[in-house]
Every structure is written in structure tokens, then in C-alpha cells.
Amino acid sequence: ERGGSVKFSLYSEIQSWPGKSAAQLYGEVLEQIENADRLGYDAYAVIEHFFFPKFSISANPLALFAAAAQRTKRITFRTLLHSMPYHNPVVLASEIAVADLLLDGRYEFGVGRGHGWMPPKAGIALSPESREWYEEAVELLFTALENERFSYDGKHFRIGDSGIVPRPADDRRFRVFLGGTSDRTYELAAERGWAVVVPPLLPYAALKEQLDLYRAKCAEHGNEPDIVWIHACYIDEDREVAKREAEQWMVGFLKGNASPLTDHAPPPADELNAAGYGFYTAGILEKLADTPYDQMIEGDIVWVGTPQDVIERIEAVQEVCEGLTEISITVNAGGADHWQAIKAQELFAHTVMPHFMASDREGVGAAR
């Protein structure tokens, strides 16, 4: 741990693009995790997502982490996020407890409703009650993790005397994350003392109101803000080389994020809106995917350039984002070559991270 200093981590959607088998892609990700552990990154995070390969084939983060744990010594593993509608919350609590055991305490996770385009593919109705169901499922998940025996009497779940096995030790407290675009997400995180993850591709201004709400509610509940900032990142000592090498996969990263809406028939807009998934009908992801590459860089949607360019971008976020605890970079999306991901991890660790560790020692940086 670096005390109060800013942490650095890696985040991957494990986007699967044509030309690389799933086995090859996962093999590369395992090598990248091993490399990240050696380089001193604090955590490796992956999404949990189903059905849409260009967005993600990360359908079982716990299996990936169990494999990665055998090849690493200190890096923490993080699921962003467990998509609750696809799990029984008590069974998921049991699975998390086993994972935490096998990962020797190196596990943390987030919870969410998952992306709005997934429910029909899993045979789950897009229901106006889905948010109510989700909040109950989250409450039940933590009831199961935190109590040796429990009962639960809700609208959607009714359980008599129960208890998961194995269960985490009584003093085990996970670092928990919420992410998304609704006010309720930020209120719930503040109430529970959980971290929030800023979705990649969004500049600070897009979430300023929600982050202000989160900080205010944290103060109200006596909790410290814990904000994680995710951005796709690629660097080279020569800015033009960085831009040239990153272009194809950065463009692919944005297109991959929009692909469930652009490459497939999305669920009906009225059903998405009724279920509280209005974000997916707003055209935001499609518009982002059409952003010209130079505008992605200039508009702070992605970080591409020299180490100094990226340092300045991170410092600009630190200036405006009180409660920022961690910078998380994406390096392997959009069909990126394995060597590109390794290069980005290496250069970022050797040229960007030391700058912030030095500024922490001098009493600036995270203390702003």
C-alpha cells in the first residue's frame, strides 16, 4: 500500500475482435496480469458481461482471477461489476467467499444492474421493477456475506434460516464499488461507504453533479469519498508514434462499447426507458463511437501521447475531482496487439506512476 497516495490499476473489458481466438485473448490477458503484478500496479479489474463479443467476453471473472492468482504475488483482483440480475445473490455471496479464499484475500468487487441490452438475451424481462429487485438483491448479498445466519423477508426474496458456506471471516471487509450514471448509485455508495467508478469515455463535466452528490452524501454519513477514474491510455516518448500505434484500437474501443446497439438490434426503446435504462436510448454511445480520432484525444475521451501529456491529463483530473483515489487505465481493447498492451503497461509504470509517487512524497498530488 502507498498510504494516502493515488493508486494505479488496470481495467479491461476483454473485448474480442475478429482475428484472435478467445483462447489466445485470455492467454494474453493472463500474461498482461502477470506483467502488471511485477510492475507494481495495485489492481487488475475486469467487467462481467455476456453475449456481445466486441464489447466483452468476460463472462466469468472469478475463473480468470483464480488462474491469474497462481501466476502473481501481490496484485488485487476486482470485478467491475457483478451484474446482479444474472445471479442469485446468496449463491453469488458463496462464490465470492470461495474466490476470496483461493485469492488469499486479494479480491474486491462492485455490484450493478448490468447493461440494458443484456436482459433479453438471458431471458430476463426488462421490468419497471428491476431497480427495486436490484436494491433488494444487493442488500441480500451483503446480508449473506456479513452474517453467519440470516433470514430475509423482502418483496422479491424470502428466506428462512440460512447461512452461506464457506463464509468470509467476521472481520473481512471488502472494498466495494458502484458505477453508473444514476443519482441513486452515488447516494447508495455514499451511504454504505463504498467506492464509485467513473465509467470510461466520459469527461469530468458529464458526471460532476453525481460526484458532487456522492461527496456531499459521504460527508453526511461520515464516509471518505473513494473515486476511481478509468481511461484508455497509450504512450510513447514520441507523440506521433503513440497516436499512430493507438489509433486502430482506440477507435475500436469506442466502437466496441457501442457495438451492442450498432451491430445488433437493441431492445425496444420504450421497454429500456420503462426499466430505467434510458442511457441506452439517448444515442450517447453511438455518438461517441463516431467521434473522429483526433477529437477523442483533444476531448479527453482517451489519453494518447507522451508520458508528460498523460501526466498533465491526470493532474487536470486531480485538480477538479476531490476524493480521487485511483487512476485505472485500459490498454488492451479494440483488438489491440499483445505487444501494445505490454508496452503501454511498461511505459506507464516507468514514466507516469513514479511522477505521482514522487509528488506524494513531497506532500502534493493526492493531498490537493
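The values are calculated or read from the model by the stated rules, or taken from the named source; none is laboratory data. What you see is a predicted model; the values in this text were computed from it and never measured. Ideal geometry is used to build each Cβ from the backbone, glycine not excepted, and the neighbour counts take in all protein chains shown. Surface areas here come from the heavy atoms of the whole protein model, side chains and all, with no ligands, DNA or RNA. Shrake-Rupley method; radii C 1.70, N 1.55, O 1.52, S 1.80 Å.
Quantify, in whole percent, the carbon and sulfur part of the accessible surface of region 272-336 (1.4 Å probe; protein heavy atoms only).
C and S atoms contribute 48 percent here.
DSSP loop GluC sites (Glu not before Pro) in region 210-300 with at most 16 other Cβ atoms within 10 Å of their Cβ, which ones?
237
Pop the C-beta distance of residue 162 and residue 67 into the FRET formula with R0 = 30 Å and round what comes out to the nearest 0.05.
So, using R0 = 30 Å, E works out to roughly 0.45.
Pulled fully out, how much extra length does the chain show between residue 153 and residue 308, if you take 0.36 nm times their separation in residues and subtract their Cα-Cα distance?
50.3 nm
Rounded to a whole number, what % of the accessible area of region 119-205 do carbon and sulfur atoms account for, probe 1.4 Å?
Taking all protein chains in place, region 119-205 shows 48 percent carbon and sulfur surface.
Helix 239-262 sits at what angle to the longest principal axis of the chain, using alpha carbons and giving 0 to 90 degrees rounded to 10?
Value to nearest ten degrees: 30.
If you fit an axis through the alpha-carbon atoms of helix 204-221 and take the longest principal axis of the Cα set of the chain, what angle between them do you get, 0 to 90°, nearest 10?
50
Using the heavy atoms of the protein chains alone and a 1.4 angstrom probe, what is the accessible area of the chain per residue in square angstrom?
42
Express in nm, to one decimal, how much length is gained between residue 357 and residue 282 on full extension, taking 0.36 nm for each residue of separation and deducting their alpha carbon distance.
The residue 357-residue 282 span can extend by a further 23.0 nm.
If I stretch the segment between residue 204 and residue 295 completely, what's the gain in nm (0.36 nm per residue apart, minus their alpha carbon distance), one decimal?
Value of the extension gain: 31.2 nm.
Using Cα springs under 10 Å in a Gaussian network model of the chain, which residue among 301, 235, 124 shows the largest mean-square fluctuation?
Result: 124 has the largest fluctuation of those listed.
Determine the relative contact order of region 74-200: mean sequence separation of Cα pairs under 8 Å and six or more apart, normalised by residue count, in whole percent.
Relative contact order for region 74-200 comes out at 27 percent.
Using the Karplus curve 6.51 cos²θ - 1.76 cosθ + 1.60 with θ = phi - 60°, work out ³J(HN,Hα) for each residue of region 60-70 in order, rounded to whole Hz, and write x for Gly and Pro.
For region 60-70, the Karplus curve yields 8, x, 5, 5, 4, 5, 4, 5, 5, 4, 5 Hz.
If a/c stays under 1.5 just call it rounded; otherwise compare a/b with b/c (prolate if a/b is bigger, oblate if not). Do that for region 282-352, with a ≥ b ≥ c from the square roots of the Cα gyration tensor eigenvalues.
Oblate, because a/c is 1.5 or more while a/b does not exceed b/c.
Report the charge-dipole magnitude of region 151-256 in Debye, nearest 20, computed about the Cα centre from +1 at each Lys and Arg Cβ and -1 at each Asp and Glu Cβ.
380
Given a cut-off of under 8 Å on Cα pairs at least six residues apart, what relative contact order in percent is computed for region 252-353?
Taking the mean separation of contacting Cα pairs over the length of region 252-353, I get 31 percent.
I need the per residue convex hull volume for the chain, using only the alpha carbons, in cubic angstrom as a whole number.
So the per-residue Cα hull volume is 135 Å³.
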